[in-house]
1. Name the residues in segment 200-220 that are surrounded by 13 or more Cβ atoms within 10 Å (Cβ to Cβ) and out of contact with any helix residue (DSSP H, G or I) (no Cβ under 7 Å at 6 or more places or on another chain), would you?
2. May I ask you to list the residues in segment 1-44 that are closer than 12 Å to residue 61 by Cα, free of Cβ contacts under 8 Å to residues at least 12 places away in the same chain and in a loop (DSSP other than H, G, I, E, B)?
3. Only one of these conditions is not met by residue 178: (1) in a helix (DSSP H, G or I); (2) modelled with pLDDT of 95 or more; (3) in contact with a helix residue (DSSP H, G or I) (Cβ under 8 Å, 6 or more places away or on another chain). Which number is it?
4. Which of the residues belonging to segment 45-60 are within 17 Å of residue 102 (Cα to Cα) and in contact (Cβ under 8 Å) with a residue 60 or more places away in the chain?
5. Can you pull out every residue in segment 186-199 that is under 12 Å from the mean Cα position of the chain (by Cα) and surrounded by 15 or more Cβ atoms within 10 Å (Cβ to Cβ)?
6. Could you please give the count of residues in segment 147-171 that are buried (at least 18 other Cβ atoms within 10 Å of the Cβ), on the phi < 0 side of the Ramachandran plot and assigned to a loop (DSSP other than H, G, I, E, B)?
């Protein structure tokens, strides 16, 4: 979840060209920062014992006094989780409806930094916060909803439901196939074809579990060439055919 530790000394500058989040551990002394962007600026003073996340959106950070150790956070995992949550709630990503949503800089204090050394613990923390977000955490959600990774995952979830090929999705997204694959790998943390295959499997098995359609209907609905193609692919992935899974579910619910 974290890139290696870096330190900005006094008079040093660092640009955050897009959405960026830095994990700040406690410091030996107070740090004074100056933040600037194309049409504004702000000053920020961090007490020596302050720890948490510094949220940045297209700003330049200058250290006026003290030193600023930080670790950039890999945001793609959080963007992906949030995209799934928003899609499941049938919510369009909310445009910023409060001034804090468009803030170029915000702070999210953290009590314990130990969880940030483990991805699963970070994701668990993130999902817990999503359920009942504090105002400070809402600023992080707003930042993630402005990132390309978030919107790309939303695009893939919405556009891949019918089993469209990756090349067709890239054309619809408006970039070359090779660039689209790179964007997808960055946003998904995995090869796009593998991810889309798993999504299709999950959607189709949910339909099988609901039992409202026969296997041929489910297969064609999700872009499989035939019920045989559907059955062979699912069996190869999870070790049981869709029909076998359907039989297990029926026995379990009797």
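1. Across segment 200-220, the qualifying residues are 200, 203, 220.
2. none
3. (3)
4. 53, 55, 57
5. Selection gives 187, 188.
6. Number satisfying all stated conditions: 2.
The values are calculated or read from the model by the stated rules, or taken from the named source; none is laboratory data. Values in this document were obtained by computation on a predicted structure and should not be read as measured data. As a convention, Cβ positions derive from the backbone with ideal geometry for all residues, glycine included, and neighbour counts pool all protein chains shown.
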